[in-house]
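Below is one structure, written out as structure tokens, with a few remarks after it.
The values are calculated or read from the model by the stated rules, or taken from the named source; none is laboratory data. In this text the structure is predicted, and so the values were computed from the model without any measurement. So basically every Cβ, Gly included, is an ideal-geometry build from the backbone, and we count neighbours across all protein chains shown. Please note that ligands, DNA and RNA were not included when accessible areas were found on the heavy atoms of the full protein model with its side chains. Shrake-Rupley method; radii C 1.70, N 1.55, O 1.52, S 1.80 Å.
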Amino acid sequence: MDINGEDLSPEREDIELHHVDFSYGSKSILHDVSLTIPEKTTVAIVGPSGSGKTTLCNLMARFWDVQSGSVSLGERDVREYSYDSLIRNFSFVFQRVYLFSDTIVNNIRFGKPNATLEEVKAAAKKARCYDFIMALPEGFDTVIGEGGATLSGGERQRISIARAIMKDAPIIILDEATANVDPENETELMEAISELTHDKTVIMIAHRLKTVRNADRIFVVDHGEIVQQGTHEELVSVDGLYRCFVMERKQAAGWKV
Ligand SMILES: Nc1ncnc2c1ncn2[C@@H]1O[C@H](COP(=O)(O)OP(=O)(O)O)[C@@H](O)[C@H]1O
Ligand SMILES: [Mg+2]
């Protein structure tokens, strides 16, 4: 990756992939992928495991470079941006979270290094972590990790959301962020995500029908290609992978009752 990009601040944050081909080494992954995500819309990416969903999102923040075609943000190729000026537009939320062995306040402040304690606390409240943090022996100064406090997976994830709220990037990528959440954590996680994603561009790789169906646009990926796109209503009305996906979810939900 060259480091000679410009410090750019796009006027709009529309994302566009234009005939993108991508391989990891000699392993071809994405084939002729084109898509547009207008700013402040919510899109869902669905498709089988290994179909290329995570790879597709990672290309938007230029974790990798495309072999052909282009990825652009605000009508500028991502390769024209300096790394910092590109990456400040994105926050990623994953299911598994990396936190530093440092205090909670520093972990959250990482999203905005000059943030005041008041700002950190406000972000923690929005991310539904304030109460459990205050219940720890040293509150926001509690050290996480080795020799420090042990947090549950849900708590760690909400701290990472507080960090993302602090960063306040215009584009939020949720990569299976709500997969395998236990019911105990689900409400708080959904509330935290909704605080984070308010008024943002949201790209979610999701399994859950109730999150997917409300998206402005759904992209269905299979074997590295976009095989369908449209709204939930449009896609369920035609034969195809999306309809299979919906039937599977409905069945799975039925079994739980
Ligand atoms: N860093 C990597 N190096 C090599 N192959 C990878 C790498 N990351 C993912 N892959 C492969 O690329 C394909 C698509 O992966 P991924 O984008 O993670 O799919 P999904 O998110 O849809 O499950 C899979 O075959 C996966 O094994
Ligand atoms: Mg993935």
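Points worth noting:
- Of Lys121, Lys167, Lys27, the one that fluctuates the most in a GNM where the chain has Cα springs shorter than 10 Å: Lys27
- For His19, the accessible area of its heavy atoms, probed at 1.4 Å with every protein chain present, is near 90 square angstrom.
- Share of carbon and sulfur in the accessible heavy-atom surface of the chain [1.4 Å probe, %]: 49 percent
- The angle separating the long axis of helix 153-167 from the principal Cα axis of greatest extent in the chain is about 80 degrees.
- Accessible heavy-atom area order of Met204, Met134, Met247, highest first, probe of 1.4 Å: Met247, Met134, Met204
- Across the range 210-215, computed HN-Hα scalar couplings (Karplus, 6.51 cos²θ - 1.76 cosθ + 1.60, θ = phi - 60°) run 5, 7, 5, 5, 8, 5 Hz from first to last residue, x flagging Gly and Pro.
- Here the alpha carbons of the chain define both size measures, Rg and Dmax, at 19.1, 56 Å.
- Total charge dipole magnitude, the range 189-257, about the Cα centre, Cβ charges on Lys, Arg, Asp, Glu only, Debye to nearest 20: 320 debye
- In degrees, nearest ten, helix 183-197 long axis to first principal axis of the chain (Cα): 80 degrees
- In a reduced charge model with +1 at each Lys and Arg Cβ and -1 at each Asp and Glu Cβ, the chain shows a dipole moment near 660 debye about its Cα centre.
- Taking 25 Å as the limit for the C-alpha separation, the pairs Lys40/Lys250; Lys40/Lys167; Lys53/Lys125; Lys53/Lys250; Lys121/Lys210 exceed it in the case of Lys40/Lys250; Lys53/Lys125; Lys121/Lys210.
- Taking GluC sites (Glu not before Pro) across the range 105-174, the ones in a DSSP loop with at most 13 further Cβ atoms lying within 10 angstrom of their Cβ are Glu138, Glu146.
- By accessible area with a 1.4 Å probe, ligands and nucleic acids excluded, highest first: order of Tyr98, Tyr242, Tyr83: Tyr98, Tyr83, Tyr242
- Per residue value of the accessible surface for the chain (all protein chains in place, 1.4 Å probe), Å²: 52 Å²
- The range 1-49 and the range 51-75 have Cα centres spaced 3 Å apart.
- In the chain, the longest principal axis of the Cα atoms and the axis of helix 241-256 are about 40 degrees apart.
- Ranking Ala192, His31, Asn4 by how far each Cα lies toward the positive end of the dipole of the chain (charges on Cβ) leaves Ala192 at the top.
- Alpha-carbon centroid distance for the pair the range 187-255 / the range 134-169, whole angstrom: 29 Å
- Candidates Phe132, Phe245, Phe22, ranked by Gaussian network fluctuation over the chain, Cα under 10 Å, top entry: Phe132
- Residue-level accessible surface for Lys40, protein heavy atoms, 1.4 Å, Å²: 110 Å²
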